[in-house]
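S.K.: Here it is, the structure in full.
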Amino acid sequence: MKYIRLFVVLVGVSLVSNACGVFSKGEKVSTADRVLTESVVKIKESADALSDTNHFPRYIPQDSTNWECVDVADWCSGFWPGVLWYAYEYSGDELIKKQAELFTAPIKEIAYTPAQDHDIGFQVYCSYGNGYRLTGNPEYKKIMLAAADTLATLYNPIVGSINSWPSKREYSHNTIIDNMMNLELLFWAAKNGGGQRLKDIAVSHAEVTMKYIVRPDYTAFHLGSFDAKTGAFIEGKAHQGYADNSMWARGQTWGIYGFAIAYRESGKKDFLKTSMKMADKFLERLPEDGIPYWDFDAPVTANTPKDASAAAVAACGMLELYGLVEEDSVKQKYYNEAVKLIEILSTDKYLTGNSNQAILTHSVGHMPKNSEIDVPIIYADYYFLEALLKLKKIEASQITK
Ligand code: GLY
């Protein structure tokens, strides 16, 4: 219990009426347990309502209560099976496991289709990766290894990075900060029979991202464009952010979490430093209420939306840093900041309650395209559940020490 202020909230007798009726009167219930328990009920209900397992929840429009679904090729297809796997991990409910298997199965085609973009990592690692971690199913492992090989076909050794968006034709090679999250599939595959080459690609990609896409002040461009033939860096662009030089909130958090994972898997200290500096920048610029606007440099008016998804990814990244940083006071800082983010997301302002099928609201998908603004989005739910489960594991490991 050296580092941890346990994230326990004493719930008064009159307040104990959770959706499952699992908690007994007067029991001490942590916020994580309360939110996870309520989430499992909602996820199970949503899964029962979704009859087509070839389509996957992506977002809920403002005038609706139900998920809009997308097909397997969409970059978000893996998050819903991932949500189901997390719900199964927490509850042990075999019916949820069955749903997780059903929604994971169609994503197999991504592993065996020529790579369209870097999102193979989100699609396959969030679905099959969690499924394999929880079941050890050898078929899942085979599919993940195939997916890693498919992702690696986008690597350009002259640039030293993956072409995240081959279809964005104005540049011959595009590398985006989000792609940092998809290196985990390559690192995993390298350790599980896929070969050293996949790890080398992941390390090289992280180094190129660190050099050109992370700026000297530890904010990041969304996209870096390169000349595919010479490897020369051409320019950094915004794409989903407010302006080329602005600090797009979710991009900053993809960097925090992605570089932490890259350090965990490679041991390269520069990656740890980059993750920490990006986290420090995020914390230094957070508004007073503790949740970022969609872009830290967007003009703030009464209507400027927050991005809960960025807060959830940041919480995951900081809990990852907690496990990696050696100095006690620094690791404690990241733990405390992650808990603060989770506590705020666990309030009625961000939890949807019974108003729709999602867990969290107030996320932003693509502001410049006027798309998915101030709505529930599936990856916010996915990373929020991941953060809650990470937190529970850290607390459990401290209790057994
Ligand atoms: N392009 C991935 C994202 O919206 O973060």
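S.K.: Say each of residue 303 and residue 112 gets a label point 7 Å from the Cα, pointing the same way as Cα to Cβ; how far apart are those two points in nm?
M.R.: A separation of 4.9 nm, rounded to one decimal place.
S.K.: Residue by residue through the range 125-135, which ³J(HN,Hα) values in whole Hz follow from phi under the Karplus form 6.51 cos²θ - 1.76 cosθ + 1.60 (θ = phi - 60°), with glycine and proline marked x?
M.R.: 6, 5, 8, 5, x, 5, x, 5, 4, 8, 10
S.K.: Quick one: Debye curve from the C-alpha atoms of the range 139-244, no solvent, what's log10 I(q)/I(0) at q = 0.10, 0.18, 0.22 Å⁻¹?
M.R.: -0.28, -0.83, -1.11
S.K.: What longest range of the chain stays clear of loop-exposed GluC sites (Glu not before Pro) (DSSP non-H/G/I/E/B, at most 10 other C-beta within 10 angstrom)?
M.R.: 1-169
S.K.: Can you check what the net charge comes to around residue 294, using other residues whose Cβ is under 10 Å from the Cβ of residue 294 (Lys, Arg +1; Asp, Glu -1)?
M.R.: Every neighbour counted, the sum reads -1.
S.K.: Now for a separate question. With the crude spin-label approximation of a point 7 Å out along Cα→Cβ, what separation in nm comes out for residue 139 versus residue 63?
M.R.: Output for this residue pair reads 4.2 nm.
S.K.: Sticking with this structure for a sec: So what are the ³J(HN,Hα) numbers for the range 164-181, from phi and the Karplus equation (6.51, -1.76, 1.60; θ = phi - 60°), rounded to whole Hz, Gly and Pro as x?
M.R.: 4, 10, x, 7, 7, 7, 5, 10, 7, 8, 10, 10, 10, 5, 4, 4, 4, 6
S.K.: Let me ask something additional. Please name which of 262, 293, 276 has its Cα lying farthest along the dipole of the range 259-318 towards the positive end, using unit charges on Cβ (Lys, Arg +1; Asp, Glu -1) and the Cα centre as origin.
M.R.: It is 262.
S.K.: Translational diffusion coefficient, Stokes-Einstein: compute it for the range 159-208 using the Kirkwood radius over C-alpha pairs as Rh, at 37 °C and 0.692 mPa s, and state it as an integer in µm² s⁻¹.
M.R.: Details: Rh = 11.3 Å.
It comes out at roughly 290 µm²/s.
S.K.: I've got another one for you. Using bins 5 angstrom wide from zero, how does P(r) for the range 217-342 break down, in % of all Cα pairs?
M.R.: Spelled out bin by bin, the range 217-342 gives 2, 12, 20, 22, 18, 13, 8, 4, 1, 0 percent.
S.K.: Using alpha carbons only, how many angstrom separate the centre of the range 216-271 from the centre of the range 152-175?
M.R.: Value for the Cα centre distance between the two parts: 14 Å.
S.K.: Among 153, 26, 56, whose Cα projects farthest towards the positive end of the dipole of the range 22-168, with charges put on the beta-carbon of Lys, Arg (+1) and Asp, Glu (-1)?
M.R.: 26
S.K.: If you put +1 on each Lys and Arg Cβ and -1 on each Asp and Glu Cβ, how big is the dipole of the chain around its Cα centre, in Debye rounded to 20? Present the calculation step by step, with values, prior to reporting the outcome.
M.R.: Details: 41 positive and 49 negative charges, 226 e Å.
Result for the chain is approximately 1080 debye, rounded to the nearest 20.
S.K.: Using a 1.4 Å probe on the protein heavy atoms, what percent of the accessible area of the chain belongs to carbon and sulfur? Don't jump to the answer; show the numbers that get you there.
M.R.: Working: 8100 of 16120 Å².
Summing carbon and sulfur atoms, their accessible area is 50 percent of the total for the chain.
S.K.: Which one, 43, 325, 226, projects farthest toward the positive side of the charge dipole computed for the chain from Cβ point charges (K/R +1, D/E -1)?
M.R.: 325
S.K.: Expressed as an acute angle from 0 to 90° and rounded to the nearest 10, what is the orientation of the C-alpha long axis of helix 31-49 relative to the principal long axis of the chain?
M.R.: For 31-49 against the chain, the angle is about 80 degrees.
S.K.: Which whole number of Å³ per residue matches the convex hull of the alpha-carbon atoms in the range 76-151? It would help to have the intermediate numbers written out before the result.
M.R.: Details: hull volume 5.1 nm³, N = 76.
That works out to 66 Å³ per residue.
S.K.: Just for the Cα atoms in the range 71-120, what are the lengths along the principal axes, largest first, rounded to whole Å?
M.R.: Principal extents (largest minus smallest coordinate, Cα): 36, 14, 14 Å.
S.K.: To continue, here is another question. Using 0.36 nm times the number of residues separating residue 217 and residue 288, minus their current alpha carbon distance, what extension gain do you get?
M.R.: 23.4 nm
S.K.: With +1 on the Cβ of every Lys and Arg and -1 on the Cβ of every Asp and Glu, and nothing else charged, how large is the dipole of the range 91-224 about its Cα centre, in debye rounded to the nearest 20? The partial results should precede the final answer.
M.R.: On the way: 13 positive and 14 negative charges, 49 e Å.
So the magnitude is around 240 debye.
S.K.: Rolling a 1.4 angstrom probe over the protein heavy atoms, how many square angstrom per residue are accessible across the chain? It would help to have the intermediate numbers written out before the result.
M.R.: Values: 16120 Å² over 401 residues.
Spelled out: the 1.4 Å probe surface of the chain, per residue, equals 40 Å².
S.K.: How large is ³J(HN,Hα) for each residue in the range 192-207, as worked out from phi by the Karplus curve 6.51 cos²θ - 1.76 cosθ + 1.60 (θ = phi - 60°), to whole Hz, x for Gly and Pro?
M.R.: Couplings: 10, x, x, x, 4, 3, 5, 5, 4, 4, 4, 5, 4, 4, 5, 5 Hz.
S.K.: Report Rg/Rh for the chain, rounded to two decimals, where Rg is the Cα radius of gyration and Rh the Kirkwood radius.
M.R.: 0.95
S.K.: I want the local charge near residue 151. Using Cβ-Cβ distances under 14 Å, sum +1 for each Lys or Arg and -1 for each Asp or Glu among the other residues.
M.R.: Working: positive: 197, 199; negative: 117, 119, 149, 178, 184, 200.
Here the count lands on -4.
S.K.: Now for a different question. Amide H of residue 23 versus every other amide H placed in the peptide plane: which residues, excluding those fewer than 5 positions away on the same chain, fall under 5 Å?
M.R.: For residue 23, whose amide H was placed from the backbone, the distant partners under 5 Å are 18.
S.K.: What net charge do the residues around residue 35 carry, taking every other residue with its C-beta under 12 Å from that of residue 35, with Lys and Arg at +1 and Asp and Glu at -1? Before the final figure, lay out each step's value.
M.R.: Details: positive: 34, 42, 392; negative: 33, 38, 343, 348, 381.
For residues surrounding residue 35, the net value is -2.
S.K.: Summarise the long-distance tail of P(r) for the range 317-373 by giving the % of C-alpha pairs beyond 18 Å.
M.R.: Details: 868 of 1596 pairs.
Cα-Cα pairs in the range 317-373 separated by more than 18 Å: 54 percent.
The values are calculated or read from the model by the stated rules, or taken from the named source; none is laboratory data. Quick caveat: nothing in here was measured; it's all calculated off a predicted structure. No Cβ is skipped: glycine too gets one built from the backbone with ideal geometry, and neighbour counts run over all protein chains shown. Note: accessible area is taken over every heavy atom of the protein model, side chains too, but ligands, DNA and RNA are not part of it. Shrake-Rupley method; radii C 1.70, N 1.55, O 1.52, S 1.80 Å.
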